[in-house]
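Report on one structure; see the data block that follows.
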Amino acid sequence: MRMATMNLADKQTQLIAKWRVIEDPQERLAAIVARGKKWPPPANEDRTEATRVPGCVSRVWLVGAWENGRCHFQMDADSPLVKGLVALLCELYDGEAPEEICDVESDLIEALGLARQLSPTRLKGLASVRLAIRAFAQKFTAS
């Protein structure tokens, strides 16, 4: 019997559970920043104005790839905090079908209690990253 693949909403629930194990919000944020350092960055030649996410105070580059019906993301940022937060979004959406990426909103930042620790400017920047992820995925949806 073949095991059913996890949908994006389930993946998000699993990610929230994984990060909530760290009870202290500051420690959780530090762990997310550390995780961001391990996310594969795009090649230097892909760090261009075309791949830079508008609306972020820190410079953020998001490079999408389309492979076997799934979207994959590489990212980098010039701020370790932002890099960790963007990597968290990429971890959620990486390897998913474009329709699900367009349909499922991330509530990771709120569910992990990070929204209270971030400035409105950072939250706006993360919303811009989410829009860039969705825009990439929309290029590959049937509609």
* Around Ser58, with a cut-off of 9 angstrom between Cβ atoms, what is the net charge of the other residues, counting Lys and Arg +1 and Asp and Glu -1? -> +2
* Asked: What length, rounded to one decimal in nm, is gained on full extension from Ala142 through to Arg116, with 0.36 nm per residue of separation minus their alpha-carbon distance?
  -> 5.6 nm
* Filter the GluC sites (Glu not before Pro) in the stretch 6-99 down to the DSSP loop ones having no more than 16 other Cβ atoms within 10 Å, then list what survives. => Glu23
* May I have the pair-distance distribution P(r) for the stretch 1-96, computed from all Cα-Cα distances with 10 Å bins from 0 and rounded to whole percent? => 15, 41, 32, 10, 1
* Asked: Which value, in Å², gives the accessible area per residue of the stretch 68-143 when a 1.4 Å probe is used on the protein heavy atoms?
  -> 43 Å²
* What does the helix-only formula give at 222 nm for the chain: each DSSP H stretch with n ≥ 4 adding -39500 (n - 2.57), the total divided by the residues, and the result rounded to the nearest 500 deg cm²/dmol? -> -14500 deg cm²/dmol
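The values are calculated or read from the model by the stated rules, or taken from the named source; none is laboratory data. Just so it is clear, the model here is predicted, and its values are computed rather than measured. As a convention, Cβ positions derive from the backbone with ideal geometry for all residues, glycine included, and neighbour counts pool all protein chains shown. All accessible areas refer to the heavy atoms of the entire protein, side chains included, with ligands and DNA or RNA removed. Shrake-Rupley method; radii C 1.70, N 1.55, O 1.52, S 1.80 Å.
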